[in-house]
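The values are calculated or read from the model by the stated rules, or taken from the named source; none is laboratory data. Note that the coordinates shown come from a computational prediction; the quantities given were computed from them, not determined experimentally. Please note: Cβ atoms are built from the backbone with ideal geometry, for glycine as well, and neighbour counts cover all protein chains shown. Side chains included, ligands, DNA and RNA excluded: accessible areas come from the protein's heavy atoms. Shrake-Rupley method; radii C 1.70, N 1.55, O 1.52, S 1.80 Å.
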Amino acid sequence: LVQTGAREFGIARLKYGGGGDWYEDRTSLVKLMRGARERVGIQVAGDREAIVEPGSAALFQYPMVFACGHGNIKFTAAEVANMRRYLTTGGFLWVDDDYGIEASFRREMQRVFPEASLVELPYSHPIFHALYDFPQGLPKIHEHSGGQPKAFGIVWDGRLAVLFTFDTDLGDGLEDEEVHKDPPEKRDAAMRMALNIVQHALTN
């Protein structure tokens with residue numbers, strides 16, 4: 001496993017503007033950080049995720065940033081520039097759709113990467129086979145619209161810089177059991193896929 005410099009691995013949550021509920025999946029990252037430590041042996045900094053804003057210099061302290069929500073994402077021009085700098089110099093953004101964030105996320109990513117599109121990742125992509133094998137791609141955690149789960153990405157300089165997980169709701173599957181009452185196999189699938197994402201972010 002690749003460590004970032006001499007520091008432990010930290011995950012940050014993106015506190016974006018636009019009125020969307022950036023704070024959703026409230027227990028997900030705590031559970032993911034614990035899973036990374038206990039299941040994979042990754043040296044994780046702290047027990048809770050950091051909160052970073054898109055225009056902050058603190059963004060660059062984290063190899064992986066997570067965002068989720070149902071509502072609107074909106075970046076200022078300065079935030080667009082900072083996000084682009086972060087993502088083109090080794091940063092990794094994972095956005096998990098809570099059903100409703102897709103349109104605004106795609107719009108803002110077009111501002112960050114006007115020359116690169118979100119493309120659907122094939123089942124053969126390494127992110128589905130990093131630590132655990134998902135031969136059919138993303139697991140389906142919640143039905144919601146009932147569609148097939150899809151993973152989209154923006155590749156920059158040969159590296160996956162942005163991951164968008166859609167119609168799966170991995171973040172809900174990572175939450176404490178009592179939040180969504182998901183069965184153990186669903187929660188385990190969400191954890192295993194999320195650990196694949198962490199591993200990919202750290203080693204690519």
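Does region 45-54 include one or more residues that are open to solvent by 70 Å² or more (accessible area, probe 1.4 Å), touching a strand residue (DSSP E or B) at 6+ places or on another chain (Cβ under 7 Å) and hydrophobic (A, V, I, L, M, F, W, C)? Yes: one or more hits. Confirm whether Asp172 is over 12 Å from the mean Cα position of the chain (by Cα), surrounded by 21 or more Cβ atoms within 10 Å (Cβ to Cβ) and farther than 30 Å from Pro114 by Cβ. It is true that Asp172 is over 12 Å from the mean Cα position of the chain (by Cα), surrounded by 21 or more Cβ atoms within 10 Å (Cβ to Cβ) and farther than 30 Å from Pro114 by Cβ. Scanning region 104-120 for residues that are closer than 21 Å to Gln148 by Cβ, modelled with pLDDT of 95 or more and open to solvent by 10 Å² or more (accessible area, probe 1.4 Å) yields Arg106, Leu118, Val119, Glu120. Taking first residues from region 21-35 that are surrounded by fewer than 17 Cβ atoms within 10 Å (Cβ to Cβ) and partners that are of a type outside the set (Asp, Glu), the Cβ contacts under 6 Å between residues at least 6 apart in sequence or on separate chains come to Asp21/Gly69; Asp21/His70; Asp21/Gly71. Scanning region 38-89 for residues that are more than 25 Å from Leu195 (Cβ to Cβ), in a helix (DSSP H, G or I) and charged (D, E, K, R) yields Glu79, Arg84, Arg85.
For region 132-155, the tally of residues that are modelled with pLDDT of 95 or more and either among the basic types (Lys, Arg) or open to solvent by 70 Å² or more (accessible area, probe 1.4 Å) (or both) stands at 5. Take Thr76 and tell me if it is among the hydroxyl-bearing types (Ser, Thr, Tyr) and either open to solvent by 70 Å² or more (accessible area, probe 1.4 Å) or more than 21 Å from Asp167 (Cα to Cα) (or both). Yes.
Take region 175-204 and flag every residue that is touching a residue at least 60 places away in the same chain (Cβ under 8 Å), touching a Pro at 6+ places or on another chain (Cβ under 7 Å) and buried (at least 20 other Cβ atoms within 10 Å of the Cβ). Result: Met193, His200, Ala201.
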